[in-house]
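Notes follow once the structure below has been shown.
The values are calculated or read from the model by the stated rules, or taken from the named source; none is laboratory data. In this text the structure is predicted, and so the values were computed from the model without any measurement. Here the Cβ positions follow ideal geometry from the backbone for every residue, glycine too, while neighbour counts run over all protein chains shown.
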Amino acid sequence: MSRIQASGERVAANVERVIVGKHAEVRLALVALLCQGHLLIEDVPGTGKTMLAKALARSLGCSFRRIQFTPDLLPTDVTGLSIYNQKTHEFEFRPGPIVSQIVLADEINRATPRTQSALLECMEERHMTVDGVTWPMPVPFLVIATQNPVEYEGTFALPEAQLDRFMLRIRLGYPDPLQEVVILDEQKRRHPIDELPIVAQVDELLEMQAGVREIYVDSAISDYIVRIVNATRNHPDVYLGASPRGSLALYRAGQAFAALSGRDFVIPDDIKLLAEPALAHRLIVRTAATIRDVDPGLIIREILDTVPVDARPLAPGARGPLPT
């Protein structure tokens, strides 16, 4: 696991040359990548959402494409389409920007539901069907979608089915004053992204993704995850709780976070740290609770305070209660 930790720290440090002062958020982006999940970044413009995706792709030597979602964007603008070749008298498929290892879906909530749905098959099934022909997505494949939580005019809210396909949701937020000074100094002459080196190869990333699946998860941890997710379904302020896909996302994220921390087993603190980014966007809060300014993140934190950690052995042969 030390190899995964070393590689992860190398990639994170490289990305943080561009994204200043956001160590926790960069690690969460790596968690989604190692779990072969997808990431939703919800924040105001200018906080570094696009730069995070670019820096991650450059650090790993992955192909990168950016799709600017607008109301007039068509599904074929995302997936590609077949064009008739007059020389060969045959239709040739021209792949769209979705066929890339890291895809930035910028302002995804500005596209129509029809275009948003074009992403569903690609994200979940990791292939797309165009004119009856199925085309696989490249490996690795990560969709990083962004949306502005403040400006809603001319937008189309993501349906629950699509939100559920994002493994994690994060917010970058504004930098601290000292960090903002560093950003200004580093971009005095040129942007750091222009000189960002490749610090890990795609083959190394695939080995890390395979290694994450071998992280040990005790049955007590699995039970703890299920009890947290079940509590979201029974909370009085929640109309619709997290699905089993949310349980699996929290399980996989725990494995990746443990590996990045240099451990070959998951502890309850990993689950507590990851619960909000993995589950909050999957909850639908009742209207009455929304009026009282109750948000999903607050509900998750309340559940973590009330759901106890079961005291059972952590790893094979381990003694004593689970550390909290």
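The single residue among Glu151, Glu107, Glu195 that is more than 17 Å from the chain's Cα centre (by Cα), charged (D, E, K, R) and either modelled with pLDDT of 85 or more or in the same structural domain as Arg282 (by TED's automatic domain parsing) (or both) turns out to be Glu195. Going through (1) surrounded by fewer than 17 Cβ atoms within 10 Å (Cβ to Cβ); (2) within 22 Å of the chain's Cα centre (by Cα) one by one, Ile215 falls short only on (1). Of the helices (runs of 4 or more DSSP H) that lie entirely inside the range 12-114, those containing 2 or more residues that are among the hydrophobic types (A, V, I, L, M, F, W, C) span 23-34, 49-60. Thr88 passes every criterion in (1) modelled with pLDDT under 90; (2) of a type in the set (Ser, Thr, Tyr); (3) buried (at least 16 other Cβ atoms within 10 Å of the Cβ) apart from (3). Filtering the range 248-264 to residues that are surrounded by fewer than 19 Cβ atoms within 10 Å (Cβ to Cβ) and not charged (D, E, K, R) leaves Leu248, Ser261, Gly262. Inside the range 225-247, residues that are surrounded by fewer than 21 Cβ atoms within 10 Å (Cβ to Cβ) and part of a helix (DSSP H, G or I) make up a count of 9. Selection of the range 116-143 for residues being in a helix (DSSP H, G or I), under 24 Å from Ala57 (Cα atoms) and in contact (Cβ under 8 Å) with a residue 40 or more places away in the chain yields Gln116, Ala118, Leu119, Leu120, Cys122, Met123, Glu124. Does Gln101 satisfy the criteria of being within 26 Å of Thr155 (Cβ to Cβ) and in the same structural domain as Met137 (by TED's automatic domain parsing)? Considered against the rule, which asks whether it is within 26 Å of Thr155 (Cβ to Cβ) and in the same structural domain as Met137 (by TED's automatic domain parsing), Gln101 comes out as no.
Annotation note: of Asp223, Asp164, the sole residue that is within 27 Å of Leu240 (Cα to Cα), assigned by TED's automatic domain parsing to the domain that holds Arg282 and of a type in the set (Asp, Glu) is Asp223. Out of Ile41, Ile83, one residue alone is in the same structural domain as Asp131 (by TED's automatic domain parsing), surrounded by 17 or more Cβ atoms within 10 Å (Cβ to Cβ) and touching a strand residue (DSSP E or B) at 6+ places or on another chain (Cβ under 8 Å). It is Ile41.
Exactly one residue out of Asp237, Asp270 is without any contact (Cβ under 8 Å) to a residue 24 or more places away in the chain and out of contact with any Cys (no Cβ under 8 Å at 6 or more places or on another chain): that is Asp270. Scan the range 144-176 for residues that are touching a residue at least 40 places away in the same chain (Cβ under 8 Å), surrounded by fewer than 17 Cβ atoms within 10 Å (Cβ to Cβ) and not acidic (Asp, Glu) and the total you get is 12.
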